[in-house]
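Enquirer: The structure follows.
The values are calculated or read from the model by the stated rules, or taken from the named source; none is laboratory data. The model shown is predicted, which means the values in this text are computed figures rather than measured ones. As a convention, Cβ positions derive from the backbone with ideal geometry for all residues, glycine included, and neighbour counts pool all protein chains shown. Ligands, DNA and RNA are excluded from the accessible area calculation, which covers all protein heavy atoms including side chains. Shrake-Rupley method; radii C 1.70, N 1.55, O 1.52, S 1.80 Å.
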Amino acid sequence: MTQLRVLVTGATGFTGPPVCRYLTEKEHQVIAATRQEQVPDGAASCRVVGEIDDATDWRPELADIDMIVHLAGRAHIMKDTADDPLAAFRRVNREGTLQLAKQAAEAGVRRLVFLSSIKVNGEETEAGPYREAVLSPPDDPYGLSKWEAEEGLRDIAGSTGLEVVILRPPLIYGPAVKANFLSLLRLCRRGLPLPLGSVRNARSLLYVGNLADAIHQSMIHPKAANQTFLIRDGEDLSMPDLLRRISAAMGRRACLLPFPPAMLTCAAGLAGRGDMARRVTGSLCLDDSLIRQELDWQPPFTVEQGLQATVDWFIASDL
């Protein structure tokens, strides 16, 4: 396999270090694009770029780079405190991404792999799993900023020599996970009874190790050029099943009480937590058959392996 010089943005975030380590294990030279002078685990060196927006000058960092893995972005926030969340998301996720792509094309970079989000498709599936086609722009500000970035990247790819690969994952989990998944880990450790035994939903997930492998395949496979792929672990779980598996990885048994999901959603809505209830009781499934067929991709880690690695990190970290 030819060694590539790969610039990884967002290299110090949640997904960055495992992606850097994986690409290094594949014998590529990984250069991290960081806000500060900090070489993350797995990277050979770093190049400081500061804030990412439409004014970022990437040109010094793009010298002799073969490929870019663009993980950096303004993440989705449950309670966003920005005065204008859409403008804040657009500044980083759309304008920052397109600035990078334009300058990458000028520098002769061969390919850019962009980590988008399943929120480009929507928040919930009712009539079958999502596929790559998007029928209308998303309503969610975060999802909209990612969709606009995707559209802009396709335009740049169509008018330059830069190849673009877009990956849309669902919820990503693994060691160092934060936000909602970390809350689930804490709930399972406490072992308290939860009124979720009657929930019958299905949600796609993605272990960060499987993400790293999908990114690598998107970098090296000829058929990946200018494609969009949905990626997942391969097994969709209901919320009760997820809680049971996390608890089992902890050596515990989940205590799930039967409670009508409609009443649960109603009670959460009255408490101002309607969005959280929909995530717990609603379904969000992906069809990842395209990447499996086109790139012959199979996730190297099972759900059990991913959850066990996440739980082992959580217990060792004593969070």
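Enquirer: Considering segment 182-195 alone, what residues qualify as being within 15 Å of Arg245 (Cα to Cα), surrounded by fewer than 19 Cβ atoms within 10 Å (Cβ to Cβ) and in contact with a strand residue (DSSP E or B) (Cβ under 8 Å, 6 or more places away or on another chain)?
Expert: Matches in segment 182-195: Leu187 only.
Enquirer: Here's a follow-up. Which of the residues that make up segment 16-31 are outside any strand (DSSP E or B) and either open to solvent by less than 20 Å² (accessible area, probe 1.4 Å) or touching a Cys at 6+ places or on another chain (Cβ under 7 Å) (or both)?
Expert: Selection gives Gly16, Val19, Cys20, Leu23, His28.
Enquirer: Under 6 Å by Cβ, and 6 or more places apart or on different chains, what pairs join a residue from segment 290-319 that is at pLDDT 95 or above with one that is of a type in the set (Ser, Thr, Tyr)?
Expert: Phe301/Tyr207; Gly306/Tyr207; Thr310/Tyr173
Enquirer: If the Cβ limit is 8 Å and pairs must be 6+ apart or interchain, which residue in segment 95-106 that is open to solvent by 40 Å² or more (accessible area, probe 1.4 Å) pairs with which residue that is part of a helix (DSSP H, G or I)?
Expert: Qualifying pairs under 8 Å: Lys102/Ile156; Glu106/Arg59.
Enquirer: Determine whether Ser198 is part of a loop (DSSP other than H, G, I, E, B), polar (S, T, N, Q) and open to solvent by 20 Å² or more (accessible area, probe 1.4 Å).
Expert: Yes.
Enquirer: Looking only at segment 244-274, filter to residues that are assigned to a helix (DSSP H, G or I), open to solvent by 70 Å² or more (accessible area, probe 1.4 Å) and at pLDDT below 95; which one of those is nearest to Pro193 (Cα to Cα)?
Expert: Met263
Enquirer: Related question: Asp80 passes all but one of (1) open to solvent by less than 60 Å² (accessible area, probe 1.4 Å); (2) of a type outside the set (A, V, I, L, M); (3) in contact with a Lys or Arg (Cβ under 7 Å, 6 or more places away or on another chain); (4) modelled with pLDDT under 95; which number fails?
Expert: If we test Asp80 against (1) open to solvent by less than 60 Å² (accessible area, probe 1.4 Å); (2) of a type outside the set (A, V, I, L, M); (3) in contact with a Lys or Arg (Cβ under 7 Å, 6 or more places away or on another chain); (4) modelled with pLDDT under 95, just (3) comes out false.
Enquirer: Assess whether Ala72 counts as being buried (at least 21 other Cβ atoms within 10 Å of the Cβ) and closer than 22 Å to Ile166 by Cβ.
Expert: Criteria met by Ala72.
Enquirer: Also, quick follow-up: Which residues, taken from segment 164-195, are of a type outside the set (D, E, K, R) and in a loop (DSSP other than H, G, I, E, B)?
Expert: Pro169, Pro170, Gly174, Pro175, Ala176, Val177, Gly191, Leu192, Pro193, Pro195, listed by residue number.
Enquirer: Of the residues Thr34, Thr12, which single one is more than 17 Å from Arg111 (Cβ to Cβ), within 21 Å of the chain's Cα centre (by Cα), open to solvent by less than 40 Å² (accessible area, probe 1.4 Å) and β-branched (Val, Ile, Thr)?
Expert: After ruling out the rest, the residue left standing is Thr34.
Enquirer: Which residues, taken from segment 216-235, are among the β-branched types (Val, Ile, Thr) and either under 11 Å from the mean Cα position of the chain (by Cα) or not in a helix (DSSP H, G or I) (or both)?
Expert: Thr228, Ile231
Enquirer: Next question. Taking the condition polar (S, T, N, Q), open to solvent by 10 Å² or more (accessible area, probe 1.4 Å), more than 20 Å from the chain's Cα centre (by Cα) and at pLDDT 95 or above, does Ser159 pass?
Expert: Yes; evaluated as a whole, the condition is true for this residue.
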